[in-house]
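J.: Sharing a structure here in structure tokens format.
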Amino acid sequence: MIAIDGRYCKGCGICVYFCPKHALELSKEVNSRGFYMPHVVDASKCTNCHQCELFCPDFAVFIVEEEEGADG
Ligand code: SF4
Ligand code: SF4
């Protein structure tokens, strides 16, 4: 899962630029803080490469890997 934290994101677009799979896109509308937030256009394209996470200067995007075989 690709998580983007609107408290820290400033809409710079670096994550969109560096995603090799084009899984992210900047919104066309500003959020409540006046930023064009990125959003996931196709989660199935994401390969969990963590490039977006590594390049985000504000630690606003991160990949949450689902655990397999977890009980409950
Ligand atoms: S790189 Fe970080 S701050 Fe920039 S748009 Fe992506 S999530 Fe937001
Ligand atoms: S983990 Fe990789 S493929 Fe997935 S959204 Fe981030 S940069 Fe794109």
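Only the coordinates and a few stated rules stand behind these numbers; no lab work does. Just so it is clear, the model here is predicted, and its values are computed rather than measured. Backbone-built Cβ (ideal geometry, glycine too); neighbour counts: all protein chains shown.
J.: Has region 7-15 got at least one residue that is more than 8 Å from ligand 1 (Cβ to nearest atom) and under 12 Å from the mean Cα position of the chain (by Cα)? So that I can check it myself, show each step before the final result.
T.: First, the residues of region 7-15 that are more than 8 Å from ligand 1 (Cβ to nearest atom): 7.
Filter once more, so that each one left must be under 12 Å from the mean Cα position of the chain (by Cα): none.
Taking every residue of region 7-15 in turn, none turns out to be more than 8 Å from ligand 1 (Cβ to nearest atom) and under 12 Å from the mean Cα position of the chain (by Cα).
J.: Also, quick follow-up: Which condition from (1) near ligand 1 (Cβ under 10 Å from one of its atoms); (2) loosely packed, with under 12 Cβ neighbours inside 10 Å is the one that GLU67 breaks?
T.: Unmet for GLU67, out of (1) near ligand 1 (Cβ under 10 Å from one of its atoms); (2) loosely packed, with under 12 Cβ neighbours inside 10 Å: (1).
J.: Pick out, from region 1-58, the strands (runs of 3 or more DSSP E) lying fully within it that include 1 or more residues that are in contact (Cβ under 8 Å) with a residue 60 or more places away in the chain, among the small types (Gly, Ala, Ser) and within 13 Å of ligand 2 (Cβ to nearest atom).
T.: Values: elements: 2-4, 24-26, 38-40.
The qualifying strands (runs of 3 or more DSSP E) are 2-4.
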